[in-house]
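The values are calculated or read from the model by the stated rules, or taken from the named source; none is laboratory data. Every value quoted in this text rests on a predicted model; they were computed, and no experiment measured them. In this analysis, Cβ positions are derived from the backbone assuming ideal geometry, glycine residues included, and neighbour counts consider all displayed protein chains. Note: accessible area is taken over every heavy atom of the protein model, side chains too, but ligands, DNA and RNA are not part of it. Shrake-Rupley method; radii C 1.70, N 1.55, O 1.52, S 1.80 Å.
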Amino acid sequence: MKASTLKIGDKIFQSRLFTGTGKFSNNDLMEKAIEISESELVTVALKRVNLDDKNDDIIKHLKHSRINLLPNTSGVRTAKEAVFAAQLAREALDTNWVKLEIHPDPRYLLPDPIETLKAAEELVKLGFVVLPYVNADPVLCKRLEEVGVAAVMPLGAAIGSNKGLKTVDMLQIIIEESNVPVVIDAGIGAPSHAAYAMELGADAVLVNTAIAVAKDPVAMAYAFKMAVEAGRLAYEAKLAPIKNKAEASSPLTAFLQ
Amino acid sequence: MSDFYSILSQHSWDDIKESIYAKTLVDAKHALHKKEFRTLEDFKALISPAAESLLEEMAQVSRQLTLNRFGNTVQMYVPLYLSNECQNICTYCGFSLHNKIKRTTLTDAQIIKEAEVIKALGYDHVLLVTGEANKAVGVEYLQHSIRLLKPYFANISIEVQPLEQEEYELLIAEGLYAVLVYQETYHEEEYKTHHTKGRKSNYEYRIDTPERLGRAGIHKIGLGCLIGLEDWRTDSFYTAMHLDYLEKKYWQTRYSVSFPRLRPAEGILEPKSVMTDKQLVQLICAYRIFKEDIELSISTRENASFRNNIFRLGITSMSAGSKTNPGGYAVFPEKESLEQFEIDDKRSATEIAEMLKLNGYEAVWKDWDKSLMQPKFTSS
């Protein structure tokens, strides 16, 4: 039994688990973890890649037919910097997909909504498939949708915090209102968080730190794969409603029978 | 008067010192285990003598926080000394004006020769170092050097004399990423006894330097004090206070802290305050616990066995195979007499990367890209 596939832009994904490439103790381990996760969309920081080097070690480890690269603009502080960086990434990595990350605050790496919206608009015009990393702000997500982004990536909690879905109420509004896929990014620290996100109806999740920093990243990648599949299947199977008490019948309307 | 200088003038060194030494084990335990963000008072408790008995617990917490934030990685950088000419008298420095050493400033050809050798070692992040000699090594020389080096390196930082805000803006536009400027000591009177001549003798101008950098929109500022000049706990507290102040005001800038301990060099003094290895570990862990995201850096001043262990406890960037004399990599590889201080861990970059790998850590050579930099505030 399999859950439905996911379409973003013109690509169809079997896996709803997106992964990252940072913080691993070496690139071989990263490759193994990503392989077992069955992830088909993998984000890579432009700043970590040698754009002039066709044999860059990170990229070399991601050369699988299944894997689509999602370059990210981590490090930029303004829309202008992001647009410039995305163009370089497109040229060097041969993809017009970009994970738009503009976080001028280096401490919590929280995304700047104003610069992100500006950059998204311009990148869409330049022909990019834009996936913006944003705070869990429903109105911002609608504004981004209007300028033509391919998906929105609201955060569950601060990047790398592993705290889970601290923004759950806003995420639910975003999921309810969105016409583009919603990928929950950042803060997912355990497979249970990922399963929960999927049960809520998120279209996908992006997980990096929780896999890379686990004692056994390969096993953890596999655990996330199963959790995401389970969560999505549960969502599609329609969860039974939560009730405070056991109820055997319909006490208020039984007389109508 | 700078804002931070006026804040400093409201604090007495002796009162702060006393309050650090008065912290109790209960204060330290509270600071270590609290769930909310940690305050400067918590930092005091973590560096206090009372916290020494909590070292293993501090190390455990520091390690976990570092792993979460930075993963299993250590960033690699290397210093490139451009000049040892200097008009300052600093009691602890090998480049000090009165030291009878041969002075040299690298020419274009020499800079490129050094860059090629450093690049071949694997480095992509370079730190340019000079003394303070405004004629030989002024802002034009620095601007020119950055232009020469930009094709070789993804990330260029400097550790040079303090400059004006406009001069920093000029260098940032050329591709300068970070500036390291250590206060040496925050004890104003003591500072004056160690910096008796030259522009560096101006304490207030130096303390105001990170402020000018913040206004110029620099990506990263490196802070620190020279451990050994004054009581290390009090000086480290002032550094933390400076850091905390800057983070809130220049919130788009990232910060790093280094912990240089006085090392033997030509004609320098003995440390006034000696810091043991255990105390250095305590300080590193205290910084990590205080500020989870701060970059903590360790140089080749420290010995191999210390460096083999310390990256697990909170350090996030390391230099290796460093030469502290101008031209040390390729131009004058034999002239150690020109060096600023003697290095202890003499292992090569490859050996350090191998050591990290054996410990399950990846040496990161590139974590920045020239393409990510545009002159400041250009988006609007």
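What are the residues in segment A:196-226 that are assigned to a helix (DSSP H, G or I), surrounded by fewer than 24 Cβ atoms within 10 Å (Cβ to Cβ) and away from chain B (no Cβ under 14 Å), if any? If the condition is that a residue be assigned to a helix (DSSP H, G or I), surrounded by fewer than 24 Cβ atoms within 10 Å (Cβ to Cβ) and away from chain B (no Cβ under 14 Å), then A:Tyr196, A:Glu199, A:Ala219, A:Tyr222, A:Ala223, A:Lys225, A:Met226 are the ones that fit.
Working only within segment A:1-29, note down all residues that are free of Cβ contacts under 8 Å to residues at least 40 places away in the same chain and not in a loop (DSSP other than H, G, I, E, B). Within segment A:1-29, A:Ile12, A:Asn27, A:Asp28 qualify. Being open to solvent by 20 Å² or more (accessible area, probe 1.4 Å) and more than 9 Å from chain B (Cβ to nearest Cβ) is a property that A:Lys99 lacks. Tallying residues that are hydrophobic (A, V, I, L, M, F, W, C) and away from chain B (no Cβ under 14 Å) within segment A:40-76 yields 6.
Which one of B:Tyr203, B:Tyr123, B:Tyr152 is in contact with a Lys or Arg (Cβ under 7 Å, 6 or more places away or on another chain) and within 19 Å of B:Met76 (Cα to Cα)? It would help to see each step written out before you state the result.
Values: B:Tyr203 fails: within 19 Å of B:Met76 (Cα to Cα); B:Tyr123 fails: in contact with a Lys or Arg (Cβ under 7 Å, 6 or more places away or on another chain).
One residue alone meets the criteria, B:Tyr152.
Quick grid of which residues meet (1) part of a helix (DSSP H, G or I); (2) more than 13 Å from chain B (Cβ to nearest Cβ):
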position: A:Ala86; (1), (2): yes, no
position: A:Ala92; (1), (2): yes, no
position: A:His103; (1), (2): no, no
position: A:Glu115; (1), (2): yes, no
position: A:Glu122; (1), (2): yes, no
position: A:Val130; (1), (2): no, yes
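Of the residues A:Leu88, A:Leu117, A:Leu70, the single one that is out of contact with any Lys or Arg (no Cβ under 7 Å at 6 or more places or on another chain) and crowded, with 17+ Cβ neighbours inside 10 Å is A:Leu88. Going by the conditions given, is A:Gly189 open to solvent by 20 Å² or more (accessible area, probe 1.4 Å) and modelled with pLDDT of 95 or more? Answer is no for this residue.
Across segment B:16-32, the number of residues qualifying as within 28 Å of the chain's Cα centre (by Cα) and either farther than 19 Å from B:Ser236 by Cβ or basic (Lys, Arg) (or both) comes to 2.
Would you call B:Ser273 crowded, with 20+ Cβ neighbours inside 10 Å and polar (S, T, N, Q)? No: the conditions fail for B:Ser273. Taken residue by residue, segment A:155-167 has no member that is of a type outside the set (Phe, Trp, Tyr) and in contact with a Cys (Cβ under 8 Å, 6 or more places away or on another chain).
For segment A:48-63, which residues satisfy the criterion of being assigned to a loop (DSSP other than H, G, I, E, B) and closer than 13 Å to A:Ile34 by Cβ? Quick ask: steps written out before the conclusion?
Within segment A:48-63, the subset assigned to a loop (DSSP other than H, G, I, E, B) is A:49-56, A:61-63.
Of everything in segment A:48-63, those that are assigned to a loop (DSSP other than H, G, I, E, B) and closer than 13 Å to A:Ile34 by Cβ turn out to be A:His61, A:Leu62, A:Lys63.
Residue check: A:Ile102 meets all listed conditions (1) modelled with pLDDT of 95 or more; (2) closer than 25 Å to A:Leu200 by Cβ but one, namely (2).
Beta carbons closer than 8 Å, at least 6 apart along the sequence or on distinct chains, pair a first residue in segment A:55-72 that is at pLDDT 85 or above with a second that is open to solvent by less than 30 Å² (accessible area, probe 1.4 Å) and basic (Lys, Arg) for A:Leu70/A:Lys99; A:Pro71/A:Lys99; A:Asn72/A:Lys99. Checked against (1) within 13 Å of chain B (Cβ to nearest Cβ); (2) in contact with a helix residue (DSSP H, G or I) (Cβ under 8 Å, 6 or more places away or on another chain), A:Ile174 passes all but a single condition, namely (1).
Quick one: which residue in B:Lys192, B:Lys249, B:Lys197 is among the basic types (Lys, Arg), surrounded by fewer than 19 Cβ atoms within 10 Å (Cβ to Cβ) and within 14 Å of chain A (Cβ to nearest Cβ)? Explain how you work it out, then say what you get.
Numbers: B:Lys192 fails: within 14 Å of chain A (Cβ to nearest Cβ); B:Lys197 fails: within 14 Å of chain A (Cβ to nearest Cβ).
One residue alone meets the criteria, B:Lys249.
Take segment A:152-174 and flag every residue that is of a type in the set (A, V, I, L, M) and either free of Cβ contacts under 8 Å to residues at least 40 places away in the same chain or surrounded by 24 or more Cβ atoms within 10 Å (Cβ to Cβ) (or both). Answer for segment A:152-174, where residues must be of a type in the set (A, V, I, L, M) and either free of Cβ contacts under 8 Å to residues at least 40 places away in the same chain or surrounded by 24 or more Cβ atoms within 10 Å (Cβ to Cβ) (or both): A:Val152, A:Met153, A:Leu155, A:Ala157, A:Leu165, A:Val168, A:Met170, A:Leu171, A:Ile173, A:Ile174. Scanning segment B:211-220 for residues that are surrounded by 23 or more Cβ atoms within 10 Å (Cβ to Cβ) and outside any helix (DSSP H, G or I) turns up just one, B:Ile218. Selection of first residues in segment A:136-149 that are modelled with pLDDT under 95 and of second residues that are open to solvent by less than 10 Å² (accessible area, probe 1.4 Å), restricted to Cβ pairs under 6 Å at least 6 apart or on distinct chains, gives an empty result. Of the helices (runs of 4 or more DSSP H) contained entirely in segment B:6-72, those carrying at least 1 residues that are out of contact with any helix residue (DSSP H, G or I) (no Cβ under 9 Å at 6 or more places or on another chain) fall at B:13-21, B:55-70.
Of all residues in segment B:43-58, those being within 23 Å of the chain's Cα centre (by Cα) and either open to solvent by 10 Å² or more (accessible area, probe 1.4 Å) or within 11 Å of chain A (Cβ to nearest Cβ) (or both) number 1. Does B:His98 count as closer than 19 Å to B:Leu223 by Cα and either away from chain A (no Cβ under 14 Å) or in contact (Cβ under 8 Å) with a residue 40 or more places away in the chain (or both)? No; evaluated as a whole, the condition is false for this residue.
Would you confirm whether any residue within segment B:227-237 is assigned to a helix (DSSP H, G or I) and within 14 Å of chain A (Cβ to nearest Cβ)?
First, the residues of segment B:227-237 that are assigned to a helix (DSSP H, G or I): B:232-237.
From what is left, the residues that are within 14 Å of chain A (Cβ to nearest Cβ) are none.
The answer is no, given that none of the residues of segment B:227-237 is assigned to a helix (DSSP H, G or I) and within 14 Å of chain A (Cβ to nearest Cβ).
For the criterion of being more than 14 Å from B:Glu132 (Cα to Cα), aromatic (Phe, Trp, Tyr) and either open to solvent by less than 10 Å² (accessible area, probe 1.4 Å) or away from chain A (no Cβ under 14 Å) (or both), B:Tyr168 passes. B:Ala136 meets the conditions (1) buried (at least 21 other Cβ atoms within 10 Å of the Cβ); (2) in a loop (DSSP other than H, G, I, E, B) in every case but one. The failed one is (1).
The set of residues in segment A:1-31 being within 14 Å of chain B (Cβ to nearest Cβ) and not acidic (Asp, Glu) consists of A:Thr19, A:Gly20, A:Thr21, A:Gly22, A:Lys23, A:Phe24, A:Ser25, A:Asn26, A:Asn27, A:Leu29, A:Met30.
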